[in-house]
Amino acid sequence: DTAVSQTPKYLVTQMGNDKSIKCEQNLGHDTMYWYKQDSKKFLKIMFSYNNKELIINETVPNRFSPKSPDKAHLNLHINSLELGDSAVYFCASSPGWGRGGFYEQYFGPGTRLTVT
Amino acid sequence: SQQGEEDPQALSIQEGENATMNCSYKTSINNLQWYRQNSGRGLVHLILIRSNEREKHSGRLRVTLDTSKKSSSLLITASRAADTASYFCATDGSRDSGGSNYKLTFGKGTLLTVNP
């Protein structure tokens, strides 16, 4: 009963292809995120959804399109893949935020995307 | 720009020794969080310290926060080989400082290696 799951774990594809990564959480959280971690381990937020509504879009190329069909799912579709898209993509969820600031986030295992 | 910056970038110690990692940030915060990432895995939340707290303990972990210096430290006592991982601090940035309550900003992490 994994809390935050992602599929696939590995994705190897060629430049120009379109691919999707799926994420599901069974924690009942309202907020979900996509992060990109580069080869130097720098973790950068890409998108955040709260109750299926997009609340953060961090200057990500519009080749990246998130979709949240319901609160428990947040998928990431990437069009026309480029070499620079190679990275590890993490999905995360959290109860969101309160008066004390942000609550802790729960991360999925990551999807290692390699574009050749 | 990054909010949290960990120091050192890498730390190698012997089992049983204590490990101290530092994090500096730039804007006012509501809280600061520490996460651990084992190789090839997602991040795991370790501890959250609020801006009005100075010290917090959780098992072998001790976190301090100095808001006047905009810095935090994570101490792991009696380290074990299983503590080998990257450690990240994350801040949420209070609205008063122009930051956002809607996202966490992660530092680049400290790679801790505990040698048996």
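Suppose we filter A:Val60, A:Val115, A:Val12 for residues that are among the β-branched types (Val, Ile, Thr) and in contact with an Asp or Glu (Cβ under 7 Å, 6 or more places away or on another chain); which single one remains? Lay out the reasoning, then the answer.
Working: A:Val60 fails: in contact with an Asp or Glu (Cβ under 7 Å, 6 or more places away or on another chain); A:Val12 fails: in contact with an Asp or Glu (Cβ under 7 Å, 6 or more places away or on another chain).
That would be A:Val115, the only listed residue that is among the β-branched types (Val, Ile, Thr) and in contact with an Asp or Glu (Cβ under 7 Å, 6 or more places away or on another chain).
For every residue, the table says whether it meets (1) within 24 Å of B:Ser86 (Cβ to Cβ); (2) surrounded by 20 or more Cβ atoms within 10 Å (Cβ to Cβ).
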{"residue": "A:Asp30", "(1), (2)": "no, no"}
{"residue": "A:Tyr35", "(1), (2)": "yes, yes"}
{"residue": "A:Lys44", "(1), (2)": "yes, no"}
{"residue": "A:Ile55", "(1), (2)": "no, no"}
{"residue": "A:Glu58", "(1), (2)": "yes, no"}
{"residue": "A:His77", "(1), (2)": "no, no"}
{"residue": "A:Ser80", "(1), (2)": "no, no"}
{"residue": "A:Gly84", "(1), (2)": "yes, no"}
{"residue": "A:Tyr89", "(1), (2)": "yes, yes"}
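Going through the range B:1-52 one residue at a time, which ones are more than 10 Å from chain A (Cβ to nearest Cβ), without any contact (Cβ under 8 Å) to a residue 40 or more places away in the chain and not in a strand (DSSP E or B)? The answer is B:Ser1, and nothing else. Would you confirm whether any residue within the range B:55-66 is surrounded by 14 or more Cβ atoms within 10 Å (Cβ to Cβ), within 14 Å of chain A (Cβ to nearest Cβ), in a loop (DSSP other than H, G, I, E, B) and not aromatic (Phe, Trp, Tyr)? No - not one qualifying residue is present in the range B:55-66.
Each value in this text was obtained by applying a stated rule to the coordinates, not by laboratory testing. Model, not experiment: these values are computed from the prediction. Note: ideal-geometry Cβ built from the backbone for every residue, glycine included; neighbour counts use all protein chains shown.
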